[in-house]
Amino acid sequence: MTSKKITETSAWKKLKEHVREMQMQESHLKNLLLDADRCARLQRSAEGILLDFARQRVKNSTIDLLLELADQTDLKAKVDAMRDGRAINNTENRPVLHYVLRTSEDPPSERRPKFGVQDTVAAVLKTRRSIEQFSTEIRSGKLTGSTKEPLTDVVVIGIGGSYLGTEFVYEALRTDPDCAKEAVGRRLRFLANVDPIDVTRALEDLEPANTLVVVVSKTFTTAETMLNARTVRRWLQKGIERQDVSAHFVAVSSAGDLVEEFGIPEKRLFPMWDWVGGRYSVSSAVGILPLALHFGYSAVDEFLQGARSIDEHFFETPHRNNLPVLMGLLGVWNSTFLGCAARCVLPYCQALLKFAPHIQQLDMESNGKRVDTSGEELGFDAGEIDFGEPGTNGQHSFYQLLHQGRIVPADFIGFRKSQQPIEDPDEIVSNHDELMSNFFAQPDALATGKSWQQVLNEKVPAELAPHKVFPGNRPSNVLLLDQLTPYTTGQLLALYEHRTAVQGFVWGINSFDQYGVQLGKVMADSVRDQIAKCRKNPGSPLGNFNPSTTALLESYLGTNIGGDK
Ligand code: F6P
């Protein structure tokens with residue numbers, strides 16, 4: 001699809017000019033937040049999620065202009081092309097259909113891809129059924145390990161998109177009371193890093209006889225994952241004292257031949273498909289197999305339903321009321337027009353401690369691009385630097401910078417009810433209310449700040465006053481949900497997946513390839529070859545590296561060919 005470049009639209013020019021208006025003192029958030037009508041207009045509720053963006057540096061006219069920008073960059077046509085199954089990942093000639101992973105049993109025709117891959121819904125449903133059956137048989141003890149002992153523990157080996165999302169959902173659910181009950185007596189571990197320390201940590205206290213290993217790799221060639229899989233296979237073989245440990249392995253991959261070559265039989269392979277990118281694959285077997293093994297299938301079903309509610313909202317709701325669209329447009333406004341390079345996600349919920357690392361990969365691998373879909377340089381910076389930490393931990397860490405240092409737009413995510421409430425009559429508020437007091441205060445502190453005059457009114461010594469001023473005018477979204485459950489976890493996942501896609505569509509980039517990760521991997525191949533050579537024949541000459549890398553390798557290998565200077 002050829003659509004207008006963002007920089008050539010009239011909305012782009014208008015927004016550039018509008019920035020000046022938003023920089024005037026009267027547009028400071030402390031003033032804008034006094035306008036009740038504006039505050040009411042900058043709130044949306046959908047699917048049980050309340051999004052308040054009154055603390056964004058926007059007026060009603062800004063939202064109108066951003067919606068104009070969405071129209072002029074053909075956002076609707078691009079979202080429709082994604083839903084319909086067009087090959088919108090143009091550099092790899094693939095459709096992008098992760099929403100189908102959340103399909104209902106018998107979706108109406110408008111919720112089935114129309115082009116390209118025809119059997120996606122059937123493939124997803126078949127895989128779901130096999131996951132449900134397999135996980136039930138493992139959990140009930142019908143399927144055992146090779147010594148006939150139950151497989152109570154699961155180690156998931158995978159990295160990047162084959163790991164981060166699953167860990168986020170696992171952490172989100174493990175303190176949900178219903179999920180916790182289902183997981184009694186079971187353990188779920190993740191092994192991602194090729195660092196041998198991670199092997200020790202992942203296998204700590206586990207018994208090989210009771211351990212099932214899920215190797216998750218779309219390509220089944222990722223160096224870290226394959227070395228970890230071989231390492232853990234040796235651990236199993238040694239622990240069980242037999243060569244054939246296939247009863248302890250399953251794989252999730254789209255490379256069936258390589259899985260078989262590794263020794264995992266076809267019936268223990270759960271598929272991944274080209275039309276699902278790694279970082280968008282949590283709702284595929286990548287995530288739902290380990291989660292079903294640990295929490296049981298009904299939690300997974302609820303999780304998928306939650307994600308589906310947001311898919312339907314995203315595809316069917318006009319832009320003005322569409323949560324992922326609004327969040328994406330605000331992301332474009334903050335980064336491209338207001339010049340904020342970073343952004344943070346601040347869940348006031350400890351169970352979301354792995355949400356930020358997932359968003360980091362989802363967003364930065366998707367939108368960290370320098371050219372548009374046709375390969376032309378963008379001429380502006382796309383993608384944000386994403387980071388985050390649960391509140392209130394973050395408050396005692398990097399919030400200093402948020403309040404008085406750089407401007408970093410933030411998403412505050414909070415819940416009306418805790419997964420694990422604690423109330424004590426001796427305390428003036430419950431523990432959750434204490435947490436949420438911070439949740440409501442921080443966005444206002446960032447937005448309104450504290451002026452020089454306010455500081456002086458507090459009789460602060462003049463020399464200290466500048467240190468106590470808060471400039472304010474720091475933008476944020478507030479997202480309020482009922483409680484963190486499998487359903488709302490699925491909603492959060494889909495909300496952010498679609499936000500990422502919206503930003504990519506508006507910027508005109510391909511959010512679904514990741515060529516930027518290749519160069520480092522290829523260069524690591526030459527270093528590995530060199531290290532292998534030197535370990536075998538100490539003193540072997542170092543190959544064609546630059547002088548700095550040569551010196552570093554000499555130091556690492558202890559060859560010190562050049563001698564001490
Ligand atoms: O780091 C790049 C990447 O290709 C990710 O996009 C992907 O999720 C990850 O590596 C793992 O890849 P695989 O699933 O093929 O092992």
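The values are calculated or read from the model by the stated rules, or taken from the named source; none is laboratory data. For clarity, every value in this text was computed on a predicted model and none was experimentally measured. Note that we place each Cβ from the backbone using ideal geometry, even for glycine, and neighbour counts take in every protein chain shown.
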Q. So is Thr225 more than 26 Å from Leu125 (Cβ to Cβ), assigned to a helix (DSSP H, G or I) and within 14 Å of the ligand (Cβ to nearest atom) or not?
A. yes
Q.
Being assigned by TED's automatic domain parsing to the domain that holds Val325, among the aliphatic types (A, V, I, L, M) and loosely packed, with under 15 Cβ neighbours inside 10 Å is true for just one of Val460, Val429. Which residue is that?
A. Val429
Q) If you take the residues in region 209-222 that are aliphatic (A, V, I, L, M) and more than 14 Å from the ligand (Cβ to nearest atom), which one is nearest to Val276 (Cα to Cα)? A) Val213
Q) Which condition number in (1) in a helix (DSSP H, G or I); (2) without any contact (Cβ under 8 Å) to a residue 24 or more places away in the chain; (3) not charged (D, E, K, R) is the one that Ala447 fails? A) (2)
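Listed here are the residues, each with its yes/no results for (1) in contact with a Ser or Thr (Cβ under 8 Å, 6 or more places away or on another chain); (2) surrounded by 19 or more Cβ atoms within 10 Å (Cβ to Cβ).
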{"position": "Leu191", "(1), (2)": "no, yes"}
{"position": "Lys218", "(1), (2)": "yes, yes"}
{"position": "Thr222", "(1), (2)": "yes, yes"}
{"position": "Asn228", "(1), (2)": "no, yes"}
{"position": "Leu236", "(1), (2)": "yes, yes"}
{"position": "Ala251", "(1), (2)": "yes, yes"}
{"position": "Gly256", "(1), (2)": "no, no"}
{"position": "Ile264", "(1), (2)": "yes, yes"}
Q | Candidates Arg128, Arg111, Arg83 - the one that is out of contact with any helix residue (DSSP H, G or I) (no Cβ under 7 Å at 6 or more places or on another chain), surrounded by 20 or more Cβ atoms within 10 Å (Cβ to Cβ) and within 26 Å of Val276 (Cα to Cα) | A | Arg128
Q. Any idea which of (1) in contact with an Asp or Glu (Cβ under 8 Å, 6 or more places away or on another chain); (2) assigned to a helix (DSSP H, G or I); (3) of a type outside the set (D, E, K, R); (4) under 30 Å from Arg189 (Cα atoms) is the one Gly331 doesn't satisfy?
A. (4)
Q: Please name all residue pairs, on different chains or six or more residues apart, with Cβ atoms under 6 Å, provided the first residue is in region 279-306 and is farther than 21 Å from Glu47 by Cβ and the second residue is among the aromatic types (Phe, Trp, Tyr) and within 14 Å of the ligand (Cβ to nearest atom).
A: Ala285/Phe270; Leu289/Phe270
(Q) Ala54 - would you say it is outside any loop (DSSP other than H, G, I, E, B), over 30 Å from Arg128 (Cα atoms) and of a type in the set (A, V, I, L, M)? (A) no
Q: Any chance you could count how many residues in region 504-518 are buried (at least 21 other Cβ atoms within 10 Å of the Cβ) and in a helix (DSSP H, G or I)?
A: 4
Q.
Just the residues that are away from the ligand (no atom under 16 Å from the Cβ) and of a type in the set (Ser, Thr, Tyr), please, taken from region 268-310.
A. Tyr297, Ser298, Ser309
Q: Sort out which residues of region 170-207 are acidic (Asp, Glu) and either within 25 Å of Ala223 (Cα to Cα) or outside the structural domain of Tyr297 (by TED's automatic domain parsing) (or both), and write them in order of number.
A: Asp195, Asp198, Glu204
Q: Given the conditions (1) within 15 Å of the ligand (Cβ to nearest atom); (2) touching a helix residue (DSSP H, G or I) at 6+ places or on another chain (Cβ under 8 Å); (3) farther than 14 Å from Val154 by Cα, report the number of the one that Ala251 does not fulfil.
A: (3)
Q. How many residues are buried (at least 20 other Cβ atoms within 10 Å of the Cβ) and part of a helix (DSSP H, G or I) when one looks only at region 389-404?
A. 3
Q | Residue satisfying all of: in region 147-160; more than 16 Å from the ligand (Cβ to nearest atom) and touching a residue at least 24 places away in the same chain (Cβ under 8 Å); surrounded by the most Cβ atoms within 10 Å (Cβ to Cβ) among these | A | Val154
Q) Which residue out of Ser335, Ser298, Ser366 is surrounded by fewer than 23 Cβ atoms within 10 Å (Cβ to Cβ) and among the hydroxyl-bearing types (Ser, Thr, Tyr)? A) Ser298
Q) With (1) in a loop (DSSP other than H, G, I, E, B); (2) in contact with an Asp or Glu (Cβ under 6 Å, 6 or more places away or on another chain); (3) not charged (D, E, K, R) as the list, and Gly539 as the residue in question, which single condition is left unmet? A) (2)
Q) Within region 215-226, is even one residue modelled with pLDDT of 95 or more, β-branched (Val, Ile, Thr) and under 24 Å from Lys142 (Cβ atoms)? A) yes
(Q) Go through region 176-216 and report how many residues are touching a Gly at 6+ places or on another chain (Cβ under 6 Å) and part of a loop (DSSP other than H, G, I, E, B). (A) 0
Q.
Going through Glu434, Glu423 one at a time, which residue ends up being among the charged types (D, E, K, R), part of a helix (DSSP H, G or I) and either surrounded by fewer than 17 Cβ atoms within 10 Å (Cβ to Cβ) or out of contact with any His (no Cβ under 8 Å at 6 or more places or on another chain) (or both)?
A. Glu434
Q | Single residue of Leu304, Leu346, Leu326 found to be in a helix (DSSP H, G or I), touching a strand residue (DSSP E or B) at 6+ places or on another chain (Cβ under 8 Å) and surrounded by 20 or more Cβ atoms within 10 Å (Cβ to Cβ) | A | Leu326
Q) If you go through region 41-48 one residue at a time, do you hit one that is more than 17 Å from Val478 (Cβ to Cβ) and outside any loop (DSSP other than H, G, I, E, B)? A) no
Q: State which residue pairs qualify: first residue at pLDDT 95 or above and among the polar types (S, T, N, Q) and inside region 161-187, second residue away from the ligand (no atom under 16 Å from the Cβ) and in a helix (DSSP H, G or I) in any location, beta carbons under 6 Å apart, and separation of 6 or more residues or different chains.
A: Thr175/Ala351
Q) In this structure, does Tyr163 turn out to be among the aromatic types (Phe, Trp, Tyr) and within 16 Å of the ligand (Cβ to nearest atom)? A) yes
**Q.** Filter result for the condition that a residue is in the same structural domain as Tyr487 (by TED's automatic domain parsing) and over 21 Å from Tyr280 (Cα atoms), over Glu365, Glu389
**A.** Glu389
**Q.** Subset tally (residues that are among the β-branched types (Val, Ile, Thr) and within 17 Å of Tyr163 (Cβ to Cβ)) for region 225-262
**A.** 5
Q | Output for region 349-365, where each listed residue is assigned to a loop (DSSP other than H, G, I, E, B) and either within 16 Å of the ligand (Cβ to nearest atom) or of a type in the set (Lys, Arg) (or both) | A | Lys354
